[in-house]
Every structure is written in C-alpha cells, then in structure tokens.
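Colleague: Dropping the structure in here first, questions after.
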Amino acid sequence: MRWSERQLAMLREMGIRVWAPEAPAEPDDEGVATTVAERLPEPAAGLAAAPVARAPAAAYERAGPRPAPPSPGAAPASAGPSAPGPLLSAEWLVVGEPFASTAADPAAAAEQELLLDNMLRAIRVSRGSEVREGRACHLPVDEGQAGDIAAAIEAVRPRCILALGRAAALALLGVDEPLGKLRERLHQRDGIPVVVTFALPYLLRHAADKPRAWSDLCRAVAAIA
C-alpha cells in the first residue's frame, strides 16, 4: 500500500524512518488506517505542544507525569525513565510489561518509555495530560501475572484499553492465542474496547512492524470515535 503524506507524518511521530521498507498491511488494517488517519489532526512539529481537537494545548506540554518536589534534605533523584505514577482517571489505559530494569539496562528502559510516549502522541494522547480527555495511564504487568487489573480499570475508567504484547493480552482477556490472531479483531473487557498490538521491546527490535502497530492504534481510535 502507499502511505499518504499525513500518514507518513504520523509514522515519523512514532520514530519510523520514511525510507524503511513497509511491512504488508492486512487487508482490514489498510482501510481502518486510512479512514482514521484522515480524521486525526495534523501532528505538531515539536514534542512540547501536541494539540488535541477537544482539549487545551497547554495540557500537552509534558511528555510524562510531573515529579513531586523533593523534600528538604532529600537526596537528588537519579536521571532516567520516570517511575510509575498513580493511576488517575483517564481516557486510555495502556497495559504492557514493565519497562526494562533501570538498574540493569537504563538505556533500554528509556527507549521503551520514549517509544510509548511517541505512539501515544501520534494519536494525540499523553501520559502527562492534565485533563482526563486525552490522558493515558500505563499499567505494567509482569508475564504470568494478571495483577489487579480489575481495580485499575475501576480507578481509570478508560474508554479504550491498549494491550502491548501477548502477555498483556492474556492478563487482560484470559485468552492465550498467537499475537497475530489477537491483533485481527476488537476485544472487550467489562464492556470497554480492547485493542492488542506489539510489545514495546519487540517494536524496538523490529522497526519494520511499526506501520502495523500504527494500524492497530488507528483501530483503537476508531473504536471510540
């Protein structure tokens, strides 16, 4: 398939080089990606202000949660990916494996967190939004552990849930199927649409599959449009 200029701009938001070979899209993905991408606003030129049609641009000035000010005499925080914050009420809930251990591989953790923020920014969503509409919360789930997903869903009250990888899909849906089959259809959890896509570490290793992840994101946007 051929990408439109708008879709190419969206893919560049996710870190996809325009000269990279495009993976063949599934027949149903192509139509969804084209339809939804045409409804999404043009991407912002910089990271600081990614405007959303329904929310103030000031809500998107931060890529992540704002850390609390240190108490007097406290040791300075170390640089690196931000620690998970509280699960606030949000329009989106993202369930995926924890970022790589900052102690074992801080560079990998930073890359995974940056990729997630870029993917969300491409659909005009931010973990740092100060308003519910357009905010996303990330819930890390270890492989083989469902965690307290029910409590997280109750706290966040999302309109859409994005499952990053097979382990997240299993924890959310209780369905053990190949990722390719899980990506083919729209799921539900407690009446909330669930879209399954690739895990962050996989996308970092297989950049050619980022256009397919973009199709999944478009499917998620269409589910709540």
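Please treat every number below as a calculation from the coordinates, not as lab data. This structure is a prediction, so every number in the text was calculated from the model and none was measured. Cβ sites come from the backbone with ideal geometry, for glycine too, and all protein chains shown count toward neighbours.
Colleague: Testing Asp142 on (1) surrounded by fewer than 17 Cβ atoms within 10 Å (Cβ to Cβ); (2) in a helix (DSSP H, G or I), one condition comes back false. Which one is that?
Modeller: Among (1) surrounded by fewer than 17 Cβ atoms within 10 Å (Cβ to Cβ); (2) in a helix (DSSP H, G or I), the lone unmet condition for Asp142 is (2).
Colleague: If you don't mind, another one. With the requirement that a residue be part of a loop (DSSP other than H, G, I, E, B) and buried (at least 17 other Cβ atoms within 10 Å of the Cβ), what does region 163-217 give you?
Modeller: Gly165, Phe198, Ala199
Colleague: Does Val194 satisfy the criteria of being touching a Cys at 6+ places or on another chain (Cβ under 7 Å) and either free of Cβ contacts under 8 Å to residues at least 24 places away in the same chain or closer than 25 Å to Arg132 by Cα (or both)?
Modeller: no
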